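All remarks here apply to the structure that follows.
The values are calculated or read from the model by the stated rules, or taken from the named source; none is laboratory data. What you see is a predicted model, and the numbers here were worked out from it, not measured in a lab. Every residue, glycine as well, gets a Cβ built from its backbone with ideal geometry; the counts of neighbours run over all protein chains shown. Keep in mind that these areas ignore ligands, DNA and RNA; they rest on the heavy atoms of the full protein, side chains included. Shrake-Rupley method; radii C 1.70, N 1.55, O 1.52, S 1.80 Å.
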Amino acid sequence: MKKYIMALDQGTTSSRAILFTPDGVPVSSSQKEFAQIFPKEGWVEHDPMTIWSTEIAVATEALLKIGGSWEEVIGIGITNQRETVVVWDKSTGAPVYNAIVWQCRRTADYCRELTEGGYSSMIKEKTGLLIDPYFSATKLKWLLDNVEGAREAAEAGQLCFGTIDSWLIYNLTGGRVHATDPSNASRTMLFNINTMRWDEELLKLFNIPASMLPEVKPSSGIFGYTSTKVIGAEVPIAGVAGDQQAALFGQYCFDKGDIKNTYGTGAFLLMNTGDAPYLTDNGLVTTVAWQIGDRVTYALEGSVFTCGAAIQWLRDGMRVIESAADSEYYARKVPDSGGVMVVPAFTGLGAPWWDPYARGIVIGISRATNKYHIIRATLESLAYQTADVVDLMERSVDTRIPRLKVDGGAAANNLLLGFQADLLGVNIERPECIETTALGAAYLAGLALGTYSSTDDLRRNDKPDKTIAPEKSDEWREASLKRWRAAVERSLGWAEI
Ligand code: ADP
């Protein structure tokens, strides 16, 4: 009778639901986009009620599409856009303000004050994070300071704070459960990843009443049961993780040193660092990957701002390709980039360069250069930027990576993956099920509910769709990376000139 695990994947631009069979095969899915709200330059909000209503709608639709019912669902796994802040009233469940989205930069000045005030190392040691508007704490403080009556209500214990996972759990359980998991908590900048508790000193610094915080429960475990008033059935919510951590889990990166890259609009690299949080001062973020029982697994995270977006630029800006997939077809028309390098520093560069003033360049052009070389060089830049972050991670943990698991839209590009294998000198593996984020949430739930006995048991489902081995020599790799770094040097600081 019970045959599916329901993964709710609440993303930045859409709410999605996927039903998986226990062997990790997606059998039905549904997706709904929703409005992005931009009240001012640099501000980004979502309507929390829309997030909830679209999520429950897609869950229902995924079931309806295959004539299924909630009675057939073993359990629910939740994965979500991270860091986004929702505050709601404890008694009515009504949000007091829109959700402030991770992308929102409204607290940039306050973050600068914190950095100048010398808080960086204390915050890094406790939370593993860098001071940036990206993380939840400063957004939550802004909300309490700026929404009329919010601070008084919070201090009177009338408000709940949550990231999107908490908001969904609260609504699914009919307001009975206010909880989160450590992978989400570790993105708030209020959670101490060493003690695995909300941190009193940070709560004081950001002036956040402890009464509004969710209870932190293991990522795999029963969070609560859905209310019959909400979906007509009592289904356990048994797995919760932020989207990137869920993808790491869905990619079977269970062991120390396992690493995945998601080639989306930007790229997100996460490396499992086992039971120790590795703190670095090179721009990588240290985060909780997941907690199963008492066992906490940590990860290092690094991101590339412009990844698939560089391919969008070829399509929409340069108009040299019609679809993203064309990039492979045209790039294959030439054997290499003909000495051309593209550094897509459109919005500056992140790790390891950290230069907001860097701007894009195309360099190495000769009379023989044609558009295919430029397309190929742009595609290769996705791999070069990834190699830079991998290199930082390897140096941080002092281990060479065994292989790189990949997913995300641009991972469909075999030329890119081949070039990535050559640059890193290790195998690249793309899984059969590319819905790794949703799959990770489903697995965390299935693990809690006995569908799987252990992470080893889960590995039976691990079926690479494609494994690409490196073909180039170490000398080629070193020479290529040297030229790339020389090109990057030339892009730095351009916007300041
Ligand atoms: P996101 O979740 O960030 O919206 P996706 O994982 O859906 O991103 O990936 C979309 C990105 O992947 C786009 O930036 C697009 O340009 C790029 N992309 C999609 N298909 C290909 C392809 N075959 N080759 C190269 N890039 C691609």
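Quick notes
- Asn207-Ala469 FRET efficiency (beta carbon distance; Förster radius 45 Å; 0.05 resolution): 0.25
- Between segment 25-68 and segment 156-206, the alpha-carbon centres lie 22 Å apart.
- Computed [θ] at 222 nm, helices only, for the chain once each DSSP H run of length n ≥ 4 contributes -39500 (n - 2.57): -10000 deg cm²/dmol
- Two numbers describe the Cα atoms of the chain: Rg and Dmax, which are 22.5, 71 Å.
- Only Lys, Arg (+1) and Asp, Glu (-1) charged, at Cβ; the chain dipole about Cα centre in debye: 800
- DSSP bridge analysis restricted to the chain gives an antiparallel fraction near 70%, rounded to the nearest 5.
- For chymotrypsin sites (Phe, Trp or Tyr not before Pro), the sites in segment 328-361 that DSSP calls loop and that have at most 14 other Cβ atoms within 10 Å are Trp354, Tyr357.
- Shape class of segment 157-297 from the Cα gyration tensor (axes a ≥ b ≥ c, square roots of the eigenvalues): oblate, since a/c reaches 1.5 or more and a/b does not exceed b/c.
- Three-way shape label, segment 1-84, alpha-carbon gyration tensor, a/c 1.5: prolate
- Rolling a 1.4 Å probe over the heavy atoms of the protein chains gives segment 4-244 an accessible area of 36 Å² per residue.
- In a DSSP loop and with at most 11 other Cβ atoms within 10 Å, the trypsin sites (Lys or Arg not before Pro) in segment 336-371 are Arg367.
- Check: segment 4-244 dipole with +1 on Lys, Arg Cβ and -1 on Asp, Glu Cβ, in debye: 60
- Range in the chain, longest, excluding exposed GluC sites (Glu not before Pro) [loop by DSSP; at most 16 other beta-carbon atoms within 10 Å]: 323-431
- Selection from Ala411, Leu439, Asn461 lying farthest towards where the dipole of segment 385-497 points positive, charges on Cβ: Ala411
- Separation between Cα centres of segment 371-450 and segment 257-335, rounded to whole Å: 7
- Flagged links, alpha-carbon separation over 28 Å, of Lys141/Lys405; Lys65/Lys463; Lys40/Lys371: Lys141/Lys405; Lys40/Lys371
- Cβ-Cβ FRET estimate between Glu113 and Glu148, R0 fixed at 22 Å, reported to 0.05: 0.40
- Lysines whose Cα lies under 17 Å from that of Lys126, excluding same-chain neighbours fewer than 8 positions away: Lys204
- Loop-located trypsin sites (Lys or Arg not before Pro) in segment 139-217 whose Cβ has at most 15 other Cβ within 10 Å (DSSP): Arg176
- Whether segment 4-244 is rounded, prolate or oblate, judged on the alpha carbon gyration tensor where a/c under 1.5 counts as rounded: prolate
- Whole-percent carbon and sulfur share, accessible surface of segment 4-244, 1.4 Å: 49
- DSSP bridge orientation in segment 4-244 - percent antiparallel, rounded to nearest 5: 65
- Using C-alpha pairs under 8 Å with a sequence gap of at least 6, the mean separation divided by the residue count of segment 1-74 gives a relative contact order of 36 percent.
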